[in-house]
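Enquirer: Please read through the structure below; I'll follow up with questions.
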There are 2 protein chains.
Amino acid sequence: MSPAHVLEPTYRRLKRALMEGLWPGGAKLEAMRLAEDFGVSMTPVRDSLNQLVGEGLVDLTPGEGFRVPPLTEQRLRDLLDVNSALLKTANTANWRLPTEDGPVFIGNEYADRLAAAFSLLANGSGNRVLADIVDRISERLHFLRSCEPEVLPEANGIQKQIEAGLHGSRTDRHLAVVRYHRQCQGCVPQLINCLARLRGGGAT
Amino acid sequence: MSPAHVLEPTYRRLKRALMEGLWPGGAKLEAMRLAEDFGVSMTPVRDSLNQLVGEGLVDLTPGEGFRVPPLTEQRLRDLLDVNSALLKTANTANWRLPTEDGPVFIGNEYADRLAAAFSLLANGSGNRVLADIVDRISERLHFLRSCEPEVLPEANGIQKQIEAGLHGSRTDRHLAVVRYHRQCQGCVPQLINCLARLRGGGAT
């Protein structure tokens, strides 16, 4: 097993690169090449890639190796529906805004703020399984979300409404979650087009 | 990377052993020892363990290595709530019983039949993301479910109701899902006790 002090940063660097859309959907991820780029041995890279396969952020096709999973319209609709269902479930009568240190805001501001708000909403349910799945979906959709301010008619207003909902009533939170997912579902082809454009016209 | 023809069976064998409760919660999983037991090299074992970390079926603690994740009462309640929410979401107006080859029935009959029925219910929504999460939860709870016929007052009747619901109305499916999860949530401490007993009194 890779030593913890090498595995952890390699895993995080690889995950962040995937979240930021460094490679287009379908791109092959060569462990040896990545190890050279990162200045580490093959082992932590392969260990990280395999963990990310389990998390759904990397595809592993038998005999073909690791690839970036393409984001299709159908997959995006599915991810949005699950995210919406879980956030509505999280918003119970017992919901409480978590008081410990919140998620860190780094990189692309809109996508990171949205992920942080959804994470707080999910964690407020006290259900860790639910919160982990919501975080996983945010990681999968991170790069796509950088398209939302351009594509959704009211992306920034909705983001503010979601953040305000964290300090508002149960109804406020519910309406913000519904409004966000309705706008996204209404713009799926445009979002996928924007993603392909941002990735230089390659596969989405 | 391990060759596909070694990785795939190693991964499946390891996953099935975890599902069948071969090791108690908290048990350390030594890649070298497992490789010897399975008669394969370290590489496919480590690749499989890392994938299973990403899937939540194995824990990886930095500096400590791989362990079997213990199932606590809280974690069980969380898994049940997410399962229930997703199965209710799956049961939409557009729900259709999938016609392709259904899930395979192997091993412990009750747990496998329940997993297969939930998988069909989830897949009937057409939402692959949702169906994958429901399958993942079934894998995580497989061994615990072998306690249900002993602990739940009406486990076998409810299981039949869930299977009948697949050919019944939307209301039939809804009532079966609600009844199952209500019974489980009402017996969480007894289920966790039974799990500890089955695993020979070790950690759950």
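Enquirer: Within the bounds of segment B:108-118, is there any residue that is farther than 18 Å from B:Val177 by Cα and not assigned by TED's automatic domain parsing to the domain that holds B:Arg12?
Expert: Scanning segment B:108-118 turns up at least one residue that is farther than 18 Å from B:Val177 by Cα and not assigned by TED's automatic domain parsing to the domain that holds B:Arg12.
Enquirer: Could you identify the single residue in A:Arg182, A:Arg128, A:Arg145 that is basic (Lys, Arg) and in contact with a Lys or Arg (Cβ under 8 Å, 6 or more places away or on another chain)?
Expert: After ruling out the rest, the residue left standing is A:Arg128.
Condition check ((1) touching an Asp or Glu at 6+ places or on another chain (Cβ under 6 Å); (2) in the same structural domain as A:Pro189 (by TED's automatic domain parsing); (3) within 30 Å of B:Lys28 (Cβ to Cβ); (4) not basic (Lys, Arg)) across all residues:
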position	(1), (2), (3), (4)
A:Lys15	no, no, yes, no
A:Ala31	no, no, yes, yes
A:Thr43	no, no, yes, yes
A:Asn91	no, yes, no, yes
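Enquirer: Can I ask one more? If I go through segment A:61-86 residue by residue, how many of them are facing chain B (nearest Cβ under 8 Å) and at pLDDT below 95?
Expert: 3
Enquirer: Here is a check on your reading of the model: is A:Leu34 over 26 Å from B:Ser41 (Cα atoms) and more than 10 Å from every other protein chain (Cβ to nearest Cβ)?
Expert: The answer is no for A:Leu34.
Enquirer: Residue by residue through segment A:118-132, note down the ones that are surrounded by 21 or more Cβ atoms within 10 Å (Cβ to Cβ) and of a type in the set (A, V, I, L, M, F, W, C).
Expert: Those that are surrounded by 21 or more Cβ atoms within 10 Å (Cβ to Cβ) and of a type in the set (A, V, I, L, M, F, W, C): A:Phe118, A:Leu121, A:Ala122, A:Val129, A:Leu130, A:Ala131.
Enquirer: Let me ask something else about it. Would you confirm, using the coordinates I've provided, whether A:Asn193 is among the polar types (S, T, N, Q), in a helix (DSSP H, G or I) and farther than 22 Å from A:Ala116 by Cβ?
Expert: Considered against the rule, which asks whether it is among the polar types (S, T, N, Q), in a helix (DSSP H, G or I) and farther than 22 Å from A:Ala116 by Cβ, A:Asn193 comes out as yes.
Enquirer: If I go through segment A:2-31 residue by residue, how many of them are facing chain B (nearest Cβ under 9 Å) and buried (at least 17 other Cβ atoms within 10 Å of the Cβ)?
Expert: Number of matching residues: 2.
Enquirer: Quick check: anything in segment A:180-187 open to solvent by 30 Å² or more (accessible area, probe 1.4 Å), hydroxyl-bearing (Ser, Thr, Tyr) and either outside any helix (DSSP H, G or I) or not assigned by TED's automatic domain parsing to the domain that holds A:Gly56 (or both)?
Expert: No, segment A:180-187 contains no residue that is open to solvent by 30 Å² or more (accessible area, probe 1.4 Å), hydroxyl-bearing (Ser, Thr, Tyr) and either outside any helix (DSSP H, G or I) or not assigned by TED's automatic domain parsing to the domain that holds A:Gly56 (or both).
Enquirer: I've got another one for you. Looking at (1) open to solvent by 10 Å² or more (accessible area, probe 1.4 Å); (2) over 28 Å from B:Arg128 (Cα atoms); (3) in a helix (DSSP H, G or I), which is the one condition that is false for B:Ala35?
Expert: So B:Ala35 meets the others, but not (1).
Enquirer: Let me ask something else about it. Would you confirm whether any residue within segment B:76-91 is touching a Lys or Arg at 6+ places or on another chain (Cβ under 8 Å) and open to solvent by 60 Å² or more (accessible area, probe 1.4 Å)?
Expert: No, segment B:76-91 has no match at all.
Enquirer: I've got another one for you. Need pairs with beta-carbon distance below 6 Å; first residue within 14 Å of another protein chain (Cβ to nearest Cβ) and within segment B:120-149, second open to solvent by less than 30 Å² (accessible area, probe 1.4 Å) and β-branched (Val, Ile, Thr); sequence gap 6+ or separate chains.
Expert: B:Ala122/B:Val134; B:Val129/A:Val82; B:Leu130/A:Val82
Enquirer: Go through segment A:153-179 and report how many residues are without any contact (Cβ under 8 Å) to a residue 40 or more places away in the chain, open to solvent by 20 Å² or more (accessible area, probe 1.4 Å) and farther than 28 Å from A:Pro69 by Cα.
Expert: Residues that pass the stated criteria total 10.
The values are calculated or read from the model by the stated rules, or taken from the named source; none is laboratory data. This is a predicted model, so every value here is computed, not measured. Please note: Cβ atoms are built from the backbone with ideal geometry, for glycine as well, and neighbour counts cover all protein chains shown. Calculation scope for accessible area: heavy atoms of the full protein, side chains included, ligands and nucleic acids excluded. Shrake-Rupley method; radii C 1.70, N 1.55, O 1.52, S 1.80 Å.
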